[in-house]
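Asker: This is the structure I want to talk about, given as structure tokens.
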Amino acid sequence: MAHFTVLLLAIYFFLCAVDLSAGQTCSSTKDNVLKFSVSSHRNLTGHWIAQLQMEHSAAQKDSGPWVVDIDHETAKCKDGESIFITATVRAPPQRPGPDYELVPELGYYKMYITGKTWTEARDICAKDGGHLLILNSELEAGVARSFWRRHPKIFDGWKNDCAYIGIHDEYIEGEYITILGTALNATGYTKWAEGEPAEGTSGNSGCVGRNGLLFDTNGMNTLAFFCEQEL
């Protein structure tokens, strides 16, 4: 009986997921809240009826659909049989702040041209729902170069040619890691400018130049910076 009830739960959950428009009302839940309700009763013919309903609301209208996957697996053990139903709910990430641009198959990107320190830039990207840019390929470096071309003049001097990204060597001098804690060598993009990163200097934060090359700089400098949100 328990197995039958679980199966009914999964079937009902699947039907709710694929046909939410039938007889449904607007969600009353707050942003980014997920609610489940379960009910079970025996009908007049003695059959158990079990129902599970999912309700969620999105923070923004363009946040994308939630996807529900149902997996069904059986296992025979001696004279019995077990039924396993797994329901997986995949929710889209929070959409970034205003003026982010979508690059298909890569993510959302924004270049801030107001000068900030590396720490300030990191916090702004996080508030947007993303993080400082981590370059993973030549294709992504091309995205950065395309933003650079729109802003030929931001600051005077060398600051006009470097923008903060999400790498640093604050923990061990010369061992650059990403803002997510992975080694820079594992990102797939390590094109340093000639002579960079400079050893024995006060530079502890990374920036990317107009040519897509990486530089080592002091994180207290106020520079432009790139934010991203991955798909």
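Asker: Please work out how much length the chain gains when fully extended from Cys77 to Thr182, using 0.36 nm per residue of separation minus the C-alpha to C-alpha distance, in nm with one decimal.
Answerer: Value of the extension gain: 33.4 nm.
Asker: Can you give me the relative contact order of region 186-226 as a percent, contacts being Cα pairs under 8 Å and 6 or more apart?
Answerer: 37 percent
Asker: I'd like to compare 178-191, 144-157: which one has the highest average count of other Cβ atoms within 10 Å, and what's the full order after that? Spell out each step's value before the answer.
Answerer: Details: 178-191: 14.2, 144-157: 12.4.
Per-residue Cβ counts within 10 Å, averaged per peptide and sorted highest first, yield 178-191, 144-157.
Asker: Testing the spin-label approximation: label points 7 Å from Cα along Cα→Cβ at Arg150 and Thr119. State their distance in nm.
Answerer: So the label points at Arg150 and Thr119 sit 3.0 nm apart.
Asker: Let me ask you something else. Taking the Cβ of Ser137 as the center, what net charge do the other residues with Cβ under 12 Å away carry, scoring Lys and Arg +1 and Asp and Glu -1?
Answerer: -2
Asker: Which percent of Cα-Cα pairs in region 77-231 sits in each 5 Å bin, short to long?
Answerer: Going from the shortest bin to the longest, the percentages are 2, 9, 18, 21, 19, 11, 5, 3, 2, 2, 2, 2, 2, 1, 0, 0, 0.
Asker: Report the full-extension gain for the segment Trp48 to Met220: residue separation times 0.36 nm, less the Cα-Cα distance, to one decimal in nm.
Answerer: Between Trp48 and Met220, full extension yields 55.3 nm more.
Asker: When the scattering of region 165-231 is computed by the Debye formula from its Cα atoms alone, each counted once and equally, what is log10 I(q)/I(0) at q = 0.19, 0.21, 0.23, 0.26 Å⁻¹?
Answerer: With no solvent term, the Cα-only Debye profile gives -0.72, -0.89, -1.08, -1.38.
Asker: Quick check: residue separation of Leu139 and Glu105 times 0.36 nm, minus the Cα distance between them. What number comes out in nm? Please report the intermediate quantities before stating the final value.
Answerer: Values: separation 34, 0.36 × 34 = 12.24 nm, distance 1.08 nm.
Stretched fully, the Leu139-Glu105 segment lengthens by 11.2 nm.
Asker: Using the Kirkwood radius over C-alpha pairs as Rh, can you work out the diffusion coefficient of region 91-142 via Stokes-Einstein at 25 °C, viscosity 0.890 mPa s, in µm² per second? Show your work: numbers first, answer last.
Answerer: Working: Rh = 12.1 Å.
Taking Rh from Cα pairs, D becomes 203 µm²/s.
Asker: From Cα pairs below 8 angstrom and at least 6 apart in sequence, can you work out the relative contact order of region 148-188, rounded to a whole percent?
Answerer: 22 percent
Read-outs: derived from the displayed coordinates by stated rules, not from any lab. Just so it is clear, the model here is predicted, and its values are computed rather than measured. Every residue, glycine as well, gets a Cβ built from its backbone with ideal geometry; the counts of neighbours run over all protein chains shown.
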